[in-house]
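A.B. asks: One structure, as structure tokens, below. Some questions next.
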Amino acid sequence: MKIAVCIKRGPDSETRFKIASTGTAIDEAGVKFDISDFDSYAVEFALQTVEKQGGEVVVVSLGPDTVQETLRKAMSMGADRGVHLKADALPHDGLAVAQALAAELKDGGYDLVLFGKLASDTAAGTIGAMTAELLGLPCVTAASKLDLGAAGGTARRDLEGAAEIVEFPLPAVVTIDEGIARPRYPSLKGIMAAKKKPLESKPAQLGPVRVSVTRMELPPDRPPGRIIGKGKEAVPELIRVLQTEAKVL
Amino acid sequence: MLDFYNIDSVLSEEERAVRDSVRRFVDERVLPIIGKAYVEGRFPREILPQMAELGVFGANLPEEYGCAGLNNVAYGLINQELERGDSGVRSFASVQSSLVMYPIFAFGSEEQKRHWLPKMATAEAIGCFGLTEPDYGSNPSGMITMAQEQPDGTWVLNGAKMWITNGSTAHVAVVWAKTNGDKDDRSIRGFLVPTDATGFKARDQKGKLSLRASDTSELVFEDVHLPADAILPKSGGLKSPLMCLTQARYGISWGAIGAAMACFEECVSYAKNRVMFGRPIAGFQLQQERIADMLTEITKAQLVSLHLGRLKDAGSYTPQQVSLAKRNNVDMATNVAREARRLLGANGILAEYGAMRHMANLESVYTYEGTHDVHTLILGQAVTGMNAFGG
């Protein structure tokens, strides 16, 4: 099975963000980047599938040269090769990115194209479905379990209070939810081996960019805590505040 | 994690990747269990398969022997991260890598290398290193363990070794012995001794208040018969085990930084949250001085080890330069751990926090692999040309 996994370079989720002087992006100084969380589950799932069934895992990422480190990380986990779609910056317009990915993927002969269900930074969750549309392929979003046969697969989608089991033919595009596979540590040998694996870099054929960020804001500081009182005498006041101010009761 | 001088920016992509992989392993697999293992006084064997899978054993030895073939800076960063977990965990890796796999690689026959190194990289075979004896620690040249060559070329080993990390769990011991009744240290050779050989005994040393998450043993050899090919053919003289120690000391200089970083992170986080006199103690000048001193000393040590690693990779480092790094960084880390424990107040004596565990561990690290004092004399001799050993 030939699987492409589209991955994004994203800031580590424990980062404390600052906004850059441009006001439209985060300040990347001192920020640690890695494969975006859901994308790393997709990489792990692809690796496990190919380990069982044979085949090839190709990782694809779009952005400036820094995404090569992200691709290299996926290759150190075991992906066979990487494709870097070079762009000065990753546009905020999901369709522009999806067009570049579709242009790369369409003649690749992939049985399966995987994405994380959304990026850990922008949380837009649009690119997988858009790419599927452009490729004319069936798309399953947010799969938390995936069983693949030769000609098709079954996916589980966890919904609020229920789950949905869906069938689809291959080739297909699937976006991955958490729980599907726990990403492995790149082994030290894997890190060394990744240096020798092919990483192709070519210009991204981005579509027109029509959406852009005009301003970024940090969430407001949390107001300091307030001590209502002590002991059971404070309970009526606490209930009143929870009802009238916090409006949680 | 503490990187005040943005040292990350001068590490290669693969060096950072190696460090990050081991860092995640330590965060997820070592830190949650190590406090309890330490109190129970046991090496957490359950992490061995994962350490092997990660590839930490013999990581700077070549790929043809099943190792990762990393450079020495990456190897140092592995040690830093492991000791950020615990000195006992790092000691296990140091012994396996620098004191067992390295001498087999450097002094062993091709057959010995092919037989042992791949098994040791996967931790299928565990090794220990026997140099120190009950009465010969800082002066190993005085050792009395003796290997006597027999007319048929086989060997008979007699003697005892002490303070041997992994001694009771090892499958094979690299034992250093004088040969053929010659008391001169030039007769010292290395031997690969299977620990199931008749006459080989290993007893754990009990009652340790330091390195409790590590096995430390006494080895006794009573007429242990060894085949002719048990000898490490390219070993010769005290220089051979000292070359192993140089490897291990290099790794320790990095490891100590890891222990200090763990203490630093813990006490900074504690200081920001611990409220006394109505505000976090991080805002008090006395604690800020502690933190500033730790930051300064750790940053200096990071730069020392990184540069030493670059020299080692260029093939131009000297044992005396390694002595400086081991001496400085371990002493630094013992001081950082002690100050961190003090900043933590009463909480600092609990196993729930790492500072006191690191503090107690580092007393061993200060003492083994050349005591602080021995390294002082090595440096004194390097500068003055005068040998202060033996008065």
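A.B. asks: Test of understanding: among B:77, B:11, B:61, which residue is at pLDDT 95 or above and more than 22 Å from residue A:33 (Cβ to Cβ)?
C.D. replies: B:61 is the lone residue from the list that is at pLDDT 95 or above and more than 22 Å from residue A:33 (Cβ to Cβ).
A.B. asks: For the range B:209-223, give me each residue that is in contact with a Gly (Cβ under 7 Å, 6 or more places away or on another chain), assigned to a loop (DSSP other than H, G, I, E, B) and surrounded by fewer than 19 Cβ atoms within 10 Å (Cβ to Cβ).
C.D. replies: Across the range B:209-223, there are no qualifying residues.
A.B. asks: Okay, moving on. Could you tell me which residue of the range A:75-124 is nearest to the other protein chains (Cβ to nearest Cβ), considering only residues that are within 14 Å of the chain's Cα centre (by Cα) and farther than 30 Å from residue A:187 by Cα?
C.D. replies: My answer is A:97.
A.B. asks: Does residue B:246 satisfy the condition of being among the hydroxyl-bearing types (Ser, Thr, Tyr), surrounded by 14 or more Cβ atoms within 10 Å (Cβ to Cβ) and more than 30 Å from residue B:45 (Cβ to Cβ)?
C.D. replies: No: the conditions fail for residue B:246.
A.B. asks: Return yes or no: is residue A:170 more than 14 Å from every other protein chain (Cβ to nearest Cβ) and crowded, with 16+ Cβ neighbours inside 10 Å?
C.D. replies: yes
A.B. asks: Within the range B:11-42, which residues are surrounded by fewer than 21 Cβ atoms within 10 Å (Cβ to Cβ) and away from chain A (no Cβ under 14 Å)?
C.D. replies: B:31, B:32, B:33, B:35, B:36, B:39, B:40, B:41, B:42
A.B. asks: While we're on this one: When the range B:44-100 is examined, which residues are found to be surrounded by fewer than 24 Cβ atoms within 10 Å (Cβ to Cβ), within 14 Å of chain A (Cβ to nearest Cβ) and in a loop (DSSP other than H, G, I, E, B)?
C.D. replies: B:62, B:66, B:69, B:71
A.B. asks: A further question follows. Residue by residue through the range A:193-208, note down the ones that are over 13 Å from residue A:69 (Cα atoms), of a type in the set (A, V, I, L, M, F, W, C) and either within 13 Å of another protein chain (Cβ to nearest Cβ) or surrounded by fewer than 19 Cβ atoms within 10 Å (Cβ to Cβ) (or both).
C.D. replies: Listed by number, the list holds a single entry, A:193.
A.B. asks: Considering only residues that are over 30 Å from residue B:55 (Cα atoms), assigned to a loop (DSSP other than H, G, I, E, B), small (Gly, Ala, Ser) and at pLDDT 95 or above, which ones fall in the range B:117-149?
C.D. replies: If the condition is that a residue be over 30 Å from residue B:55 (Cα atoms), assigned to a loop (DSSP other than H, G, I, E, B), small (Gly, Ala, Ser) and at pLDDT 95 or above, then no residue fits.
A.B. asks: Name, by its number, the condition in (1) within 13 Å of another protein chain (Cβ to nearest Cβ); (2) touching a residue at least 12 places away in the same chain (Cβ under 8 Å) that does not hold for residue A:30.
C.D. replies: Answer for residue A:30: the failing condition is (2).
A.B. asks: Next question, about the same structure. From the list B:191, B:200, exactly one residue is farther than 17 Å from residue B:43 by Cβ and surrounded by 20 or more Cβ atoms within 10 Å (Cβ to Cβ). Which is it?
C.D. replies: B:191
A.B. asks: Now for a separate question. Are there any pairs, at least 6 apart or on different chains, whose C-beta atoms fall under 7 Å, with the first in the range A:1-24 and over 18 Å from residue A:39 (Cβ atoms) and the second among the β-branched types (Val, Ile, Thr) and part of a strand (DSSP E or B), and if so, which?
C.D. replies: Cβ pairs passing all conditions: A:17/A:26; A:18/A:26; A:19/A:26; A:20/A:26.
A.B. asks: Search the range B:227-243 for residues being part of a helix (DSSP H, G or I) and under 21 Å from the mean Cα position of the chain (by Cα), and hand back the single one that is surrounded by the fewest Cβ atoms within 10 Å (Cβ to Cβ).
C.D. replies: B:239
A.B. asks: Out of B:145, B:132, which single residue is under 18 Å from residue B:188 (Cβ atoms), among the β-branched types (Val, Ile, Thr), in contact with a strand residue (DSSP E or B) (Cβ under 9 Å, 6 or more places away or on another chain) and without any contact (Cβ under 8 Å) to a residue 40 or more places away in the chain?
C.D. replies: From the options B:145, B:132, the qualifying one is B:132.
A.B. asks: Another question, if that's okay. Residues B:152, B:182: which one is part of a loop (DSSP other than H, G, I, E, B), at pLDDT 95 or above, exposed (fewer than 15 other Cβ atoms within 10 Å of the Cβ) and among the acidic types (Asp, Glu)?
C.D. replies: Unique residue meeting the criteria: B:152.
The values are calculated or read from the model by the stated rules, or taken from the named source; none is laboratory data. A quick note: this is a predicted structure, and the numbers were derived from the prediction, not measured. Methodologically, a virtual Cβ is constructed for each residue, glycine included, from the backbone with ideal geometry; neighbour enumeration extends over all protein chains shown.
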